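Data block below; observations after.
The values are calculated or read from the model by the stated rules, or taken from the named source; none is laboratory data. Model, not experiment: these values are computed from the prediction. Cβ placement follows ideal geometry from the backbone for every residue including glycine, while neighbour counts extend to all protein chains displayed. Ligands, DNA and RNA are excluded from the accessible area calculation, which covers all protein heavy atoms including side chains. Shrake-Rupley method; radii C 1.70, N 1.55, O 1.52, S 1.80 Å.
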Amino acid sequence: MKVRLINYTKDPEKIVAQSARLCYSALGIEELREKLSDESIIKLVKKIMKLGHYSVLEHATFTFAIEEISRVTSHQLVRHRLASFSQQSQRYVKINKEGLTFIIPKSIEKNKKLAKIYIDAIKKLDGIYQQLLDYNIEAEDARYILPQAVTTKMIISANARELLHIFKLRCCNRAQWEIRELAMNMLKEVKSIAPTIFENAGPPCVLGSCPEGKLSCGKPWSKNKGEGVNE
Ligand SMILES: Cc1cc2nc3c(=O)[nH]c(=O)nc-3n(C[C@H](O)[C@H](O)[C@H](O)COP(=O)(O)OP(=O)(O)OC[C@H]3O[C@@H](n4cnc5c(N)ncnc54)[C@H](O)[C@@H]3O)c2cc1C
């Protein structure tokens, strides 16, 4: 899996702090921005996060380039309706003979016998896909034979508020391993740019108790033990 932050709002925490201060200040917008010190930005962002006044977080947007994830995971990701997505098309981009790449879950990979069955099955499906193309079947129809394991690439943009929501659901141990790995990588990227906004990002157990009841993994997240590590 490859996850890169390729674009983001300049000074994301400053624009968030500026927007928050604007609501309660008689100062002009530029003057207000100039008066914001690094210290006051952190203080204001912390206050916003504590009070839950999240609408100002929507002024900070982040764009990621994501490669080598399965279509299983891209399908889960696009359920987040407030994010924006562009995904490589299987209608317009044919998979060439050497080109089919796919994800093997570790649970299958670690069992040599099962791994072989899995890989052979995918290769067989790939062979049928290529055969359909050879018979001039359009890629949009030939792709029906492809497995969900096949990799895809996408660009996703989301504002900080939506990213916090995504991290809440997808960094949780209840989420599937691949999207969890993806969300952890995305969190790591944005945390280096906006550390105060994302300080407590992650599943609800970062700050409080788990709402999952009987479905809880029973392993509360420990933010002191490093990025994405659950106790
Ligand atoms: C562990 C796990 C298991 C899952 N299992 C399944 C499953 O079995 N089947 C399945 O179909 N899905 C499943 N999902 C997907 C899940 O149901 C959501 O579709 C997905 O997590 C997106 O969440 P969301 O709708 O809260 O967020 P987003 O679409 O990212 O929206 C963010 C927030 O905006 C608000 N919002 C967005 N759109 C609307 C709207 N139209 N009306 C009102 N408020 C809105 C809501 O407050 C929402 O929480 C699963 C998700 C997880 C994390």
Worksheet item: For segment 71-105, which residues satisfy the criterion of being part of a loop (DSSP other than H, G, I, E, B), within 16 Å of the ligand (Cβ to nearest atom) and open to solvent by less than 100 Å² (accessible area, probe 1.4 Å)?
Response: 78, 80, 83
Response to the item:
Listed by first then second residue, the pairs whose first member lies in segment 152-178 and is small (Gly, Ala, Ser), whose partner is open to solvent by less than 50 Å² (accessible area, probe 1.4 Å) and near the ligand (Cβ under 7 Å from one of its atoms), with beta carbons under 7 Å and at least 6 positions apart or on separate chains, are 157/83; 158/83; 158/166
Fill in: Flag if residue 55 is within 16 Å of the ligand (Cβ to nearest atom), open to solvent by 60 Å² or more (accessible area, probe 1.4 Å) and among the polar types (S, T, N, Q)
yes
Practice prompt. Please verify whether segment 21-42 includes one or more residues that are closer than 21 Å to residue 167 by Cβ and out of contact with any Leu (no Cβ under 7 Å at 6 or more places or on another chain).
Written response: yes
Worksheet item: away from the ligand (no atom under 14 Å from the Cβ), touching a residue at least 24 places away in the same chain (Cβ under 8 Å) and outside any helix (DSSP H, G or I), is that true of residue 48?
Response: no
Discussion item. I'd like to verify a number: residues in segment 59-111 that are of a type in the set (Ser, Thr, Tyr) and within 18 Å of the chain's Cα centre (by Cα), how many?
Written reply: 7
Worksheet item: Residues of segment 92-114 being modelled with pLDDT under 95 and among the charged types (D, E, K, R), which ones?
Response: 94, 97, 98
Item to complete: Those residues that are modelled with pLDDT under 95 and either aliphatic (A, V, I, L, M) or in contact with a helix residue (DSSP H, G or I) (Cβ under 8 Å, 6 or more places away or on another chain) (or both), I need them from segment 50-83; list them, please.
Response: 51, 53
Worksheet item: Residues in segment 138-150: is at least one more than 12 Å from the ligand (Cβ to nearest atom), open to solvent by less than 50 Å² (accessible area, probe 1.4 Å), at pLDDT 95 or above and closer than 17 Å to residue 61 by Cα?
Response: no
Worksheet entry | Scan of segment 169-185 for residues that are in a helix (DSSP H, G or I), near the ligand (Cβ under 7 Å from one of its atoms) and open to solvent by 50 Å² or more (accessible area, probe 1.4 Å), ordered by number | 169
Worksheet entry | segment 20-43, residues that are at pLDDT 95 or above and crowded, with 16+ Cβ neighbours inside 10 Å | 41
Discussion item. Please determine whether any residue of segment 23-44 is among the polar types (S, T, N, Q) and within 26 Å of the chain's Cα centre (by Cα).
Written reply: no
